[in-house]
1. Keeping to the range 405-452, report how many residues are small (Gly, Ala, Ser) and surrounded by 24 or more Cβ atoms within 10 Å (Cβ to Cβ).
2. Need pairs with beta-carbon distance below 6 Å; first residue closer than 23 Å to residue 335 by Cα and within the range 364-380, second aromatic (Phe, Trp, Tyr) and surrounded by fewer than 24 Cβ atoms within 10 Å (Cβ to Cβ); sequence gap 6+ or separate chains.
3. Is it true that residue 319 is of a type in the set (A, V, I, L, M, F, W, C) and more than 30 Å from the chain's Cα centre (by Cα)?
4. For the subset of the range 453-470 comprising residues that are acidic (Asp, Glu) and within 9 Å of the chain's Cα centre (by Cα), which member is surrounded by the most Cβ atoms within 10 Å (Cβ to Cβ)?
5. Can you pull out every residue in the range 551-560 that is surrounded by 13 or more Cβ atoms within 10 Å (Cβ to Cβ) and either touching a Gly at 6+ places or on another chain (Cβ under 9 Å) or of a type in the set (A, V, I, L, M, F, W, C) (or both)?
6. Do any strands (runs of 3 or more DSSP E) lying entirely in the range 580-636 carry at least 3 residues that are in contact with a Gly (Cβ under 7 Å, 6 or more places away or on another chain), and which ones are they?
7. All but one of (1) under 30 Å from residue 181 (Cα atoms); (2) in contact with a helix residue (DSSP H, G or I) (Cβ under 7 Å, 6 or more places away or on another chain); (3) of a type outside the set (Ser, Thr, Tyr) hold for residue 493, so report the exception by its number.
8. Any residue in the range 34-46 that is in contact with a strand residue (DSSP E or B) (Cβ under 8 Å, 6 or more places away or on another chain), modelled with pLDDT under 90 and surrounded by 13 or more Cβ atoms within 10 Å (Cβ to Cβ)?
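The values are calculated or read from the model by the stated rules, or taken from the named source; none is laboratory data. None of these values were measured; they are calculated from a predicted model. Cβ placement follows ideal geometry from the backbone for every residue including glycine, while neighbour counts extend to all protein chains displayed.
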Amino acid sequence: MKSDFLFGVSALVILLMVLGSEAQGAWNPDTLANKLKAVSPAAGIQKLEIIKSDSGNLLGVAAHYQGGPLPGDRSIVLELDPPEARRVSASNRMATDPYWTEPFWTDSLGKLNPLTQFALWQEPDGKFGVMIALVGGGMVSRIEGAGAKVIIYAESKDSKFAPSKAPMFAIGWGDDPYKLVDDIYAFGFKVMKQADAQGVIGDLRVNKPFPEIFKYLGWCSWNAYYTAVNEKKLIESANSFKKLGLPIRWFIIDDRWMAVAQTVPVANPGRKQSITQFEADPEKFPNGLAHATKILKQDYGISWIGVWLTFQGYWNGVAVDSELGRDYKDALMQVSDQAAIPDPRGNAGEKFWDGWFGFLKKAGVDFVKVDNQSDLGSYFHGALPVNTGLANSHRNLEGPAEKHFNLNLIDCMEMNVDTIYQWTRTNIGRASGDFYPAKYSDPRRHTVNGFLNALWLSELLYPDHDMWMTHDSYAIYHAVDRALSGGPVYITDKPGVEKPELVWPLILSDGTVIRPDAPGLPALQSIFEDPYVSGKPFVAFARSGDSGVLGAWNVDRKYHPVTAELSASDIYGIKGDRFAIYDYFSGKVSALGRTEKFTVKMGIWDVRLYSVVPIQDGFAPIGLINKYISPATIGAVKREPGKVSVELNDAGTFAAYSEQKPKQVKLNGSLLSDQLMEYSGNLLTVKIVQLSDGRPKVQLEFFR
């Protein structure tokens, strides 16, 4: 190991946690030390600390600095000779829309886009590599290609700040790309928290519960009414759903429900309004917010009401010259003559959120959607280090959110690393830009971005693929996307145009969303190829118990037909040698080996969906085939000699692959009429028309 190395500036590389066996194909700390150099500042970097994981295949880098304040932009810059990559799938923060990230594909790490936060690649020997940006010590890091080099830089956005220790990036290798992504984020958190436990407060998705409210079907006012939302329109929507018998369980009252005033923009020229009070706009809600929530709950059966707001309070913060601005002056940081934001400099901002959330709770509000998170730093740039401000702000927000709403919260416009590493217990966040019903190409981009962002974002929380409209021209295309997402499902139709028949495949009779076990992810065949030009569909999978589902969408940019080649092995982690493949849209079933491919030709707006269930002793229970995620409708399966028992979560049409017709079938202990059962071509279907007592579990017994 080299203890001293010339990096263009004097810097010492030290190695920690050198434990475990060396992973084949991975760099060791010496390799990384030889390929890494500090470019700037010209003096003051004391050492580049290389931290090694217990398994030996992951490495983290933190820069130690001693000296005066550094420039707010590109404060510390490192240069890396990257490993060779033959194909790369990466995600960069969008420069023109900085709230979101989007995927891109290339053949070299030296071609990484600016503002890259995540890169996964495959090397010529077939090994996979991964690299992620880190934050901490007041700094946020970015990655970008520079020809034959990769640049990693950290910045504070505060030219008065002198950092001490800045986590820069983590890099790793492995044979399994999905496990590698899991491992790098778990390791990355260890590196960041070791460097700055107060400045990196977040946690992984698997360590946080899925919020109870979002287990059910919801509705949002945004695309229905945009900024013209009011009490009357909310009641009209609730009344329409009640008449339709559609079990909408929660509402989001979106932008412009609150009272605002015109102010001079602080960070965004288009954001010209600031909030003036906690209570709703009196013209839109003449009897107050509490009156509206009471009617929605008592008269229309909406179980939970949520409201939209931004991380600044409103787009341009809080109006200083308002009753609210004066009452909470000591909890706000003034960012212009007219506007202030919840104070990010310490814990003072918590008082603002506690006051507002306490008011909202008394008004019957049960959760919040917090927008504009990635843009918060631009309101206080130059006043304090950006990552310090983001950590403080999330701490200030989540404490009151837990106190008043049990942390039922949707994070939104939040896909910047200085935000995503700060979610302590919130566990739902947007994985794509907004749903745009007016944009012809939006369903394609929305689907690709949602699942490819989920490849890494699902390490931090459950990806939210946003609302959708049942009367949209591409509603089924969107609906299948939401079914596999694993996140919340909510629609945004106006009264009178809803198509409930397109919602029922997503939910049980009480409004429970039929969700897979974990967020849906892109299949390996769709990670490294640009699906817009590949001539192949975009393919995603999700798991449910020992089964899974495959979705395929034609996303071709030039609107050409495409051909899919799919197999059970596209579902990561599924076990078995032979599988029943049930086609949701055709209603046909086939039996194929694990790697045996089937070909599907797809038209320009086609979407396909397949349940994939392992066959055991000639039998595979598929589930309720009137639902998209059929295997997730099964509560339990018990196999005995000559008998298979299946517990279902709802009524509907049950199907199973069976190599022989059962001798008899029982439903809830009673012999099933032949009129309710059909057997043809190894597909057995049973129609369960209603439930006998409320909504108990449905028990089916198949005697063979």
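1. Qualifying residue count for the region: 4.
2. Final answer for the pair search is 374/99.
3. Yes, satisfied.
4. 464
5. If the condition is that a residue be surrounded by 13 or more Cβ atoms within 10 Å (Cβ to Cβ) and either touching a Gly at 6+ places or on another chain (Cβ under 9 Å) or of a type in the set (A, V, I, L, M, F, W, C) (or both), then 551, 552, 553, 554, 555, 556 are the ones that fit.
6. 607-614
7. Condition not satisfied by residue 493: (1).
8. Among the residues of the range 34-46, not one is in contact with a strand residue (DSSP E or B) (Cβ under 8 Å, 6 or more places away or on another chain), modelled with pLDDT under 90 and surrounded by 13 or more Cβ atoms within 10 Å (Cβ to Cβ), which makes the answer no.
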